[in-house]
Amino acid sequence: MLNKTNNKLLFVENRQKTIFWEELAIELLKQDYEVYWIVQNHNLEPKVGKVYKISYPSHRDKIENNYDSEIFDYISSTDRMINYFGYNNCHYGHYYKCISNIISDIKPDYIIGESTLFHEIISIAIAKSKNITYLNPVSIAYPPNKFSFFKGGSIDTLGLSGDVLDLTQCSDLIKDISTKAIIPSYIKKAIVANGERNVIDTFSYKLKTLIPYLLGERYNTPSPVKKILKNKQTNRIQKKWDKLCSERKTFSEVEKTILYPLQLQPEANLDVYGNSFRDQTKIVYEISRQLPENWSLLVKPNPKSKYEMSSELFELIKSTKNITPIGPSLTMSEIFSDIDIVITVTGTIAQECFFSDKPLGFFGPSVIEAFLPKSKLRIYSDIKSLISKVESGSYQFSSKNEKIELVKLLANTSYTGLISDPFHDPDCISNENIKRVSQHFLNLFETLENK
């Protein structure tokens, strides 16, 4: 084991995910690491380590906002409270100052957290400015039941697990992905087995998220009234969507098709990693503008569907002849073989297309970019070039060796274990999982220190 001279770990609170962080911290404390916390939500104060609880800003704090507007503009573009509930960023200056002071005081070796909430994005920016590694462990789609250590608010991975697949294992995994014999965990979790009620829809869970708001946390927790109204609006749009699907021609009646699967919002996968292309209504509009006369754009809802189902998106699809909505009852497996091209920002479907030899265009960062750089869409007019390549038969697919190389890369940059919170996946805080994940952290720390 590494002989540590500096061994300070700073965790960043993230709602119920903090319960998982705390169990992980307890295990790491056994290895003589010092544990510290940045807590924005006062109702989620951990019981181990030293806690820095940031005071909720006063009116004076909100008007004394003289920090880098460029950083704040970016953080605002990732902030679900601003994007979906109409709040502002007047509190950013207060939190930036407090978090910067905390990090300067602790001088942590590593900061551990998500890249979802505004105070986490602030922490990432400050960590970068101070050259401190911000570790964001994230569950990945393939191979299943694994996670990678993302660096800050990017998809750049840190560390190698040493998991090596032989050719037979590679071939089997490629086949399972291309035939959809395995399904990403985020889709599985979207399907509630045997009609059971999802835990996040229960009264007890809603009460746990409401209490912080009542006690003063108004920066990551929306007004319950705004939340209810927003959810009702989303439900109305979903019902209108279903009705429109029954009135429009089906995708099988269209000659040539591009599929755009909507990505869940709010979620870091799009709002942070694919931030430059986070406006999905604009993407749908721009794709439709690039289509030749004999092509149609199919728009498929996300399995979980949330605020990406906006009234602006619905009205665009309703009023545009070359856009066809796909009903929620149709699965990706049922329509995938009939699609000519798939376009996404940062969706897992990019990997599925890569392994299935399905023509693809992607806007955001992707692990497949090194293998299919010509499928990267940098501006919307690139879509015309993509269509032209498919029509002429000149689209470049990945080779067998490239598929094997990517599978090996995914395996070796990921680790076995569950990264979640106990409300979405109770197994994440099992003794077995915590020990496994903590050992991966320890191995990574040792690797990074020995560089």
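The values are calculated or read from the model by the stated rules, or taken from the named source; none is laboratory data. Fair warning: this is a prediction, and the values are worked out from it, not measured in the lab. In this analysis, Cβ positions are derived from the backbone assuming ideal geometry, glycine residues included, and neighbour counts consider all displayed protein chains. We work out accessible area using only protein heavy atoms, side chains counted, and drop any ligands, DNA or RNA first. Shrake-Rupley method; radii C 1.70, N 1.55, O 1.52, S 1.80 Å.
Some observations on this one:
- Taking other residues whose beta carbon is less than 11 angstrom from the beta carbon of PHE85, and scoring Lys, Arg as +1 and Asp, Glu as -1, yields +4.
- For ARG15, no residue 5 or more places off, or on another chain, has a built amide H under 5 Å of its own.
- Accessible area per residue, Å², the chain with all protein chains present, probe 1.4 Å: 47
- Of all beta bridges that DSSP places with both ends in the chain, some 25 percent have antiparallel geometry.
- Remark: relative contact order (the chain) = 18 percent; criterion is Cα-Cα distance under 8 angstrom and separation of 6 or more residues.
- Amide H contacts for ILE140 (H built 1.01 Å from N in the peptide plane; partners 5 or more residues away or on another chain; cut-off under 5 Å): LYS146, PHE147, SER148.
- For the range 104-116, Karplus couplings with θ = phi - 60° (6.51, -1.76, 1.60), whole Hz, Gly/Pro x: 5, 6, 7, 6, x, 6, 9, 10, 10, x, 8, 10, 10
- About the Cα centre, charge dipole magnitude for the range 140-182 (Lys/Arg +1, Asp/Glu -1 at Cβ), debye: 160
- Calculated SAXS-style log₁₀ I(q)/I(0) at q = 0.06, 0.07, 0.08 Å⁻¹ - the chain, Debye, Cα scatterers: -0.27, -0.37, -0.49
- Charge dipole of the chain about the Cα centre (unit charges at C-beta), most positive-ward option of THR416, LEU444, TYR95: TYR95
- Peptide packing for 320-330, 161-171 was compared via the average number of neighbouring C-beta atoms within 10 Å per residue; ordered from the highest value, the list is 320-330, 161-171.
- Whole-percent carbon and sulfur share, accessible surface of the range 228-269, 1.4 Å: 49
- Rounded to the nearest 20, the Cβ-based charge dipole of the chain about its Cα centre (Lys and Arg +1, Asp and Glu -1) stands at 1000 debye.
- With the convex hull constructed from alpha-carbon coordinates only, the range 238-382 shows a mean projected area of 8.0 nm² over all directions.
- Rg over Rh for the range 331-384 works out to 0.95, using Cα positions for both radii and the Kirkwood form for Rh.
- Pair-distance distribution of the range 222-300: all C-alpha pairs, bin width 5 Å, starting at 0; shares per bin in whole percent are 3, 12, 16, 20, 21, 15, 9, 3, 2, 0.
- Cα gyration tensor shape of the range 306-451, rounded if a/c is under 1.5, else prolate or oblate by comparing a/b with b/c: oblate
- Pairs of Cα atoms farther than 27 Å apart, the range 1-125, %: 20
- DSSP loop GluC sites (Glu not before Pro) with at most 11 other Cβ within 10 Å: longest gap in the chain: 1-195
- For the chain, the longest principal axis of the Cα atoms and the long axis of helix 167-178 meet at an angle of about 70 degrees.
- Each residue of the range 384-391 was assigned a 3J(HN,Hα) from its phi angle through the Karplus curve 6.51 cos²θ - 1.76 cosθ + 1.60 (θ = phi - 60°); the sequence is 4, 5, 4, 4, 4, 5, 5, 5 Hz, with glycine and proline shown as x.
- Separation of alpha-carbon centers, the range 103-145 and the range 419-451, rounded to whole Å: 15
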